[in-house]
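The values are calculated or read from the model by the stated rules, or taken from the named source; none is laboratory data. Computed from a predicted model, the values in this text were never measured in an experiment. Quick reminder, even Gly has a Cβ in these numbers, built from the backbone with ideal geometry, and neighbours come from all protein chains shown.
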């Protein structure tokens, strides 16, 4: 296929992609920094077709945000609120489980769960939330908690990142979303980065 690459830095990467050669860290950084979205999409589709032919997989998920209370006060965030804010909310465990069930059908494959850094909800509360969801919806994949949340749990509970991940995994967490992986929390990338696999 004759595709025009505006970003010439991508041409050596294209050769690797088309030859099925694994990309390097430097290649990944180049891909991250490019504005040539069409070229990026072309290469991603090349890999998809090599791996899966003319088949595309979709994930049907439901977002659950148990709380918007957050101690971080990030300037870019329009979601988090201080606990004293009258417009903030924190669900009970029963409300989380009820929210998961609203409009649920067998087409839903995943619950995507993130929230704020709540000053009072401890790790055990979130483990109960996960185990309750797994008990009610055992076939659903639980993707939960940003890397920032994991770091916060570890600091708050005085635990290692690994031990927090093990506890959450054992409670039912299957994977983590990619959001929140910026800056110093990038090292908390996902379960595999800590040498763990989903249950």
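Which condition from (1) exposed (fewer than 11 other Cβ atoms within 10 Å of the Cβ); (2) within 23 Å of residue 167 (Cβ to Cβ) is the one that residue 78 breaks?
For residue 78, the exception is condition (2).
For segment 142-162, what are the residues that are outside any helix (DSSP H, G or I) and modelled with pLDDT of 95 or more?
Answer for segment 142-162, where residues must be outside any helix (DSSP H, G or I) and modelled with pLDDT of 95 or more: 142, 143, 144, 145, 158, 159, 160.
For residues that are surrounded by 12 or more Cβ atoms within 10 Å (Cβ to Cβ) and either outside any helix (DSSP H, G or I) or without any contact (Cβ under 8 Å) to a residue 24 or more places away in the chain (or both), tally how many sit in segment 7-21.
2
State the number of residues belonging to segment 90-113 that are assigned to a loop (DSSP other than H, G, I, E, B), surrounded by 13 or more Cβ atoms within 10 Å (Cβ to Cβ) and modelled with pLDDT of 95 or more.
1
Of all the residues that make up segment 22-64, how many are outside any loop (DSSP other than H, G, I, E, B), in contact (Cβ under 8 Å) with a residue 40 or more places away in the chain and under 22 Å from the mean Cα position of the chain (by Cα)?
Count: 4.
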